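Comments concern the structure below.
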Amino acid sequence: KTTAPIGSFGKVTRPENVTMIRLLEVEIEHLMNKDLDDYDAIALVDVQPPYFGDFLPVVDAVVDHHPRVADYEARYCDVRTNFGSTATIFVQYLQAVGAKVTHRLATALYYGLKTDTLFLGRETTDADIEAFTYLYPLANHSLIRRMERPEVPLRDLDALGYALRARAISGSTFFTHVGLVEREDVLPQFAEFCLQVEEIERSVVSGIFCGNLVVSLRSHPHVKGSGGLVRHAFGQYGSAGGHRSMAKAVIPLAALEEHFGRLNDADLAQFVQNQIMQCLGASTVA
């Protein structure tokens, strides 16, 4: 049976995803830019071409639930920003053609849907709930529990400790800049954690990854407009956007240096705080 290979331009590092790949025996090919010439077609899933810079201006297909980003071409594009997870889109594809969904595939889709929506507690639609209901009896919940409780690297605890010490709080907004990180995914994980601090309604965690300033924002469901806030704060410098309660910006350090000169970690932390607070109607951070 012929299947399309799954490729990634970077190494999979998030502990939960590493565990999922191991338990479900998913093969991931590590790709370089030049490797794309070996394939007849390129499809991007849960991401859009501008995330990778300029070397993917044209692709064959894009399936995503994140806000639509301009300046790329795709023969087929299915971007449903109202959906809580890209997994929901694929469930609908499978149902539309009457495909048999194996326990292995159902487990992978269920894990993605559950993770993206925080167990249907964030950014969900009727379609997400229907997909969840469809996948639930088919998924292997023993494996799901093992995926959700992976081993935590000690370096992640060290980074979290630094992030908490470097915090700044303005009103109900929590800020921290963690500097250089080995894995980009620790930033949204820290943002989720910091959102649990009492009286905090919005958390903003930033760090440096692969030559970019990456900003991850999380907010409680009743605090709307995270995507718009990040877009207004950072859109002029790089890629920025998101949903109602979660958003992200990726800004090349080179672009910031063109505007402000060379910036150290303290400068970057202040930049993030000022941009967010200015958009919220304040100019300084206590």
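Only the coordinates and a few stated rules stand behind these numbers; no lab work does. Worth saying up front: this structure is predicted, and the values here are computed from it rather than measured. Here the Cβ is made from the backbone with ideal geometry for all residues, glycine too, and neighbour counts use every protein chain on show.
General remarks:
- Geometric extent, Cα atoms of segment 232-286 - Rg, Dmax (angstrom): 11.6, 33
- Relative intensity of segment 13-101 on a log10 scale, I(q)/I(0) at q = 0.13, 0.17 Å⁻¹, equals -0.55, -0.94, per a Debye sum over C-alpha point scatterers of equal strength in the absence of solvent.
- Residue-averaged 222 nm ellipticity for the chain, from DSSP H runs of 4+ at -39500 (n - 2.57), nearest 500: -11000 deg cm²/dmol
- Listed peptides 220-230, 80-90 appear in the order 80-90, 220-230 once ranked by packing, highest mean of other Cβ atoms within 10 Å at the front.
- Charge tally in the Cβ shell below 14 Å around residue 65, where Lys, Arg are +1 and Asp, Glu are -1, residue 65 excluded: -1
- Estimated FRET transfer efficiency (residue 151, residue 8; beta-carbon r; R0 22 Å; 0.05): 0.55
- Sequence-ordered 3J(HN,Hα) estimates for segment 28-42 from the Karplus curve with 6.51, -1.76 and 1.60 and θ = phi - 60° stand at 10, 8, 7, 9, 10, 3, 5, 5, 5, 5, 7, 10, 6, 8, 10 Hz, glycine and proline given as x.
- Rg(Cα)/(2.2 N^0.38 Å) for the chain, N = residue count: 1.02
- Of the peptides 198-207, 31-40, 130-139, the ranking by mean beta-carbon count within 10 Å, highest at the top, reads 198-207, 130-139, 31-40.
- Environment charge of residue 13, counting only residues whose C-beta is closer than 14 Å and scoring Lys/Arg +1, Asp/Glu -1: -1
- Among the listed pairs 224/248; 114/248; 11/34; 34/100, those beyond 24 Å (Cα-Cα): 34/100
- Multiplying the residue separation of residue 37 and residue 278 by 0.36 nm and subtracting their alpha-carbon distance yields 82.3 nm.
- Length gained when the stretch residue 196-residue 97 is fully extended (0.36 nm per residue, less Cα-Cα span): 31.4 nm
- In sequence order, segment 268-274 has phi-based couplings of 5, 4, 5, 4, 4, 4, 5 Hz under the Karplus curve 6.51 cos²θ - 1.76 cosθ + 1.60, θ = phi - 60°, and Gly or Pro positions carry x.
- Rule-of-thumb Rg ratio for segment 155-279 [Cα; 2.2 N^0.38 Å; N residues]: 0.95
- Farthest toward the positive end of the dipole of segment 155-279, out of 174, 264, 246, is the Cα of 246, where the dipole comes from beta carbon charges about the Cα centre.
- Under 5 Å between amide hydrogens, built in the peptide plane, is the criterion, and for residue 239 it picks out 250 among residues at least 5 positions away or on other chains.
- Separation of segment 50-66 and segment 262-277, taken as the distance between their Cα centroids, equals 29 angstrom.
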